Amino acid sequence: MNSKMQREPVHVSLSCPLAAAPSDQIQLAHGEGGRLMRNLLREHIAPALGLNPQWDDAASCDLGASQLAITTDSFVVSPVFFPGGDIGSLAVYGTVNDLAVSGAQPLWLTLSLILEEGLPLATLEQILISVRQAAAACQVALVAGDTKVVPHGAVDKIFVNTTGVGQVLHPGGLGCARISAGDALLVSGSIAQHGIAVLAARENLQLSPAPISDSAPLHRTCQRLQHALGGQLHAMRDATRGGVSAVMHEWALATGKTMQLIENLIPVTPIIRGACELLGLDPLYVANEGLFVAAVAASAAEQALTTLQQQCGCHDARIIGQVVDRQPAPVIIQRLLGNWQSLDEPAGAPLPRIC
């Protein structure tokens, strides 16, 4: 019998993170970048803290003549090692990218570790070496940290928290408030690579060739785009949890405009497209870790595209749509057959613990 015919079937646990849980309890979907997460922030977390929820990736703090950007993030990805990266480099790049798309030069990072009892020291050292190498590649300094150990089973191997501080290069130059009707929408590369790579590794899908995460720093690309476009670059966001769809819905919510996308312009590699079709996933909802979405003035769209395609890792950058005055739906998309439809906002995401 052919050896391929003897292979055990692969069982993929794509269970909905909205499993039947009481409405007054936290669910996995509350952390996955969709509607439930935004509702949690807007209705519970922000009011309890006396804050107004913001949809940008970093906060700006004025210090006289200069302005700092500050962001914080936690990383719980499973598995901690995946094709194209690991939780250590992901923690650095994810924080650097939040600063970068906010128009800041990343300068300093803090690193806090929550370790599970029984974690092999060799695994910890491998992750820490990855953190050090990623920080050196981004030219950011690790300046403070903390370590806690919890009983076996209280966390899954290791959770990482980072805080990043950077200097805003052009104060007031970027943000949702600057997006207006007529702006072009661009992505910096092919979408959905990180989410599918993590899914394939977690579920041992044995896809060939194996999908590889796009986890990478974006600060140099973001700075070059800022330098090339100046004030014609209105906003940037890295499309992590919830994918490109989540960014579009957040921008639509923040601006009161409609984000209009063209499906056949959205770059997806054949490997990722095939995996998504096999698994019944829409690439627009799948997480990325080395890709951002930009809103730019229509007159600068081609210059933005040329600038992006000249950067390492951005040869697949594309203009994927535009901002228009409010339509009946906050995000609409022209599908491959030419019909226009609403791009629904998911409550959560098909795969939790992606970053």
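Roughly what % antiparallel, to the nearest 5, for the DSSP beta bridges in segment 57-168?
75 percent
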> For segment 57-168, which semi-axes, largest first and in whole Å, follow from the square roots of 5 times the eigenvalues of its Cα gyration tensor?
Replying inline: 27, 14, 11
> For Arg202, Arg237, what's the fewest-to-most ordering of other Cβ within 10 Å of each Cβ?
Replying inline: Arg202, Arg237
> Which order results if Glu277, Glu289 are arranged by neighbouring Cβ count within 10 Å, fewest first?
Replying inline: Glu277, Glu289
>> For segment 176-342, take N as its residue count and report Rg(C-alpha) divided by 2.2 N^0.38 Å.
In response: 1.01
> Rg and Dmax of the chain, using alpha carbons, in Å: what are they?
Replying inline: 20.1, 75
> Name the GluC sites (Glu not before Pro) in segment 112-177 that are in a loop by DSSP and that have at most 12 other C-beta atoms within 10 Å, would you?
Replying inline: Glu117
> Going by how many other beta carbons lie within 10 Å of each one, how would you line up His152, His315, His234, fewest first?
Replying inline: His152, His315, His234
> Once fully extended, how much extra length lies between Thr123 and Thr110, figured as 0.36 nm per residue of separation less the alpha-carbon to alpha-carbon distance?
Replying inline: 2.6 nm
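A short reminder: the numbers here are calculations on the coordinates, not readings from a lab. If you're wondering where the values come from, they're calculated on a predicted model, not measured in any experiment. As a convention, Cβ positions derive from the backbone with ideal geometry for all residues, glycine included, and neighbour counts pool all protein chains shown.
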